[in-house]
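In what follows, a single structure is set out as structure tokens and then discussed.
The values are calculated or read from the model by the stated rules, or taken from the named source; none is laboratory data. Just so we're clear, the structure is a prediction, and the values are computed from it rather than from any experiment. All Cβ positions, glycine included, derive from the backbone under ideal geometry; neighbour counts span all protein chains shown.
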Amino acid sequence: MADFKKEIFRGKQIQLGYYFFEAGENLLVLFPGYGQSARHFVYFNQNLKSNYSILGINHLEHGDSFAFKKDEPLEINDFNATLSDLINFLGFKNRNIVMGAFSFGNWLAAAAIQSQSIPVKAWIVMSAPPERFSRLFAFSTGTILGNMIFRFYTKENIGLQKILKFIKNAKILSEEKIRVASLQVKDPSKSERLYNNWQVMRCFIPNWRNSIKLAQTKQIEILFIAGKHDNVTPMKGLLKIFQAEKSSRILVFDGGHTFMHEDIIKGIGNLLNEIDNKQKIDLETINS
């Protein structure tokens, strides 16, 4: 099967680096986690049999995706405007659009469902960060003290590594979380990317309850996916939030922090097929 095509799309406030595989008349838009490349979604390309082309978009400050003004927060409307323009540029203006994301990429997908110009039919939430991460993010980027500490330790990379070592020894976070965090700040360039990414993303902290209610109002199908053994983004808190909304579909698979799992492919495939079947029924009703 053909591989993704790597491309760049330039908007007014941001540039998006993306991978695109054309396979169907509808579009599955996917955002990877922090530190990942959208090319990893080649796994979906190879295993998801559906009538959907796949658009994998790199996270901000990853690859060719970045905001032009790194010292200012990016507005969600500006992000959505560029995303909408990209979708239209690829020829999917009047097609079914499904938004999906993994890990920290879920903040971008949660923002995208707010768009008034993108016809989102479904929202797939895979291994989303827990709410306590949102509180840490808000403190580090939205308060003077938090930002001063955050800026200092991302500039002083050795100091940041010492903090991670202390957190590990004190058993404040699991070893898996420490390992993932260490990979993202192991050299000064990665620390700088982390700082820039968090500064740009200041407006993207999701209110999950409001996002779910918005999706319901817009008749967007919701599929929440989480691994039983995910120690990076434990599912417990968010699982309760999505379970509380009866219209949300829940898929808990026997695995960890990954989207490369056969149960996930099967669950997403079933969702996409149901959306397509519903569209066919609606068209038959209109034409009858």
The condition from (1) at pLDDT 90 or above; (2) part of a loop (DSSP other than H, G, I, E, B); (3) of a type in the set (Asp, Glu) that Asp71 misses is numbered (1)
Considering residues that are touching a residue at least 60 places away in the same chain (Cβ under 8 Å) and among the small types (Gly, Ala, Ser), the number found within region 106-159 is 10
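For (1) at pLDDT below 95; (2) at negative phi; (3) surrounded by 18 or more Cβ atoms within 10 Å (Cβ to Cβ), each residue gets a yes or a no:
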site: Asn58; (1), (2), (3): no, yes, yes
site: Phe89; (1), (2), (3): no, yes, no
site: Met99; (1), (2), (3): no, yes, yes
site: Asn106; (1), (2), (3): no, yes, yes
site: Gln114; (1), (2), (3): no, yes, yes
site: Ser117; (1), (2), (3): yes, yes, no
Q: Would you mind stating whether Met235 is crowded, with 17+ Cβ neighbours inside 10 Å and touching a residue at least 12 places away in the same chain (Cβ under 8 Å)?
A: yes
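How many residues does region 21-34 hold that are outside any loop (DSSP other than H, G, I, E, B) and at pLDDT 95 or above?
The initial filter retains those residues of region 21-34 that are outside any loop (DSSP other than H, G, I, E, B), namely 21, 26-31.
Filter once more, keeping what is at pLDDT 95 or above: 27-31.
The number of residues fulfilling the criteria is 5.
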Of the residues in region 74-126, those that are charged (D, E, K, R) and not in a loop (DSSP other than H, G, I, E, B) number 3
*So is Glu221 touching a helix residue (DSSP H, G or I) at 6+ places or on another chain (Cβ under 9 Å) and among the charged types (D, E, K, R) or not?*
yes
- Message: Based on this model, can you work out whether Phe259 counts as outside any helix (DSSP H, G or I), in contact with a Phe, Trp or Tyr (Cβ under 8 Å, 6 or more places away or on another chain) and buried (at least 20 other Cβ atoms within 10 Å of the Cβ)?
- Response: yes
Among (1) without any contact (Cβ under 8 Å) to a residue 12 or more places away in the chain; (2) under 24 Å from Lys228 (Cβ atoms); (3) among the small types (Gly, Ala, Ser), Gly100 falls short only on (1)
